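As C-alpha cells, the structure follows; a few thoughts come after it.
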Amino acid sequence: MNSHSVAICQLSDQPQEDFDVNTELLILEGQEVRVSTWDAEPRDGGFDVHVLNDRVDALGFMVVTDWQFLDGKAYAVVERRSDS
C-alpha cells in the first residue's frame with residue numbers, strides 16, 4: 001500500500017545572483033523532504049503542469065490529484081512509484 005505525500009512547487013526565495021535556479025519542488029514524505037530545483041519562468045503567474053509532472057516523476061513519484069494553485073504556489077498529492 002502506498003502512502004500519500006504532498007508536493008509543493010514555488011519560486012525560490014534565494015538571491016538570483018547567488019543561486020542559479022528560480023523554481024523549487026518540495027515533496028514532503030513522512031519525515032523527509034525531497035527537493036528538485038530548476039530555472040524556469042512560470043507562465044502567466046502559474047506553473048506548467050507538464051513540467052511539474054515530469055519533475056515529480058524524476059523524483060520517483062506520481063501525481064494522484066490535479067495540481068491546485070494558490071498564492072503563487074502549486075500543490076498536489078503524490079505517491080511513491082512502486083519498484084516494478
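The values are calculated or read from the model by the stated rules, or taken from the named source; none is laboratory data. Small disclaimer: the values here were computed from a predicted structure and weren't measured. Every residue, glycine as well, gets a Cβ built from its backbone with ideal geometry; the counts of neighbours run over all protein chains shown.
Starting from residues that are among the polar types (S, T, N, Q) and closer than 19 Å to TYR75 by Cβ, keep the ones in segment 18-33 and report whichever is modelled with the lowest pLDDT.
In this case the residue turns out to be ASN22.
Can ALA58 be described as at pLDDT 85 or above and buried (at least 16 other Cβ atoms within 10 Å of the Cβ)?
Spelling it out, it is not the case that ALA58 is at pLDDT 85 or above and buried (at least 16 other Cβ atoms within 10 Å of the Cβ).
From the residues in segment 1-17 that are aliphatic (A, V, I, L, M) and at pLDDT 85 or above, which one is surrounded by the most Cβ atoms within 10 Å (Cβ to Cβ)?
Within segment 1-17, the match that is surrounded by the most Cβ atoms within 10 Å (Cβ to Cβ) is ALA7.
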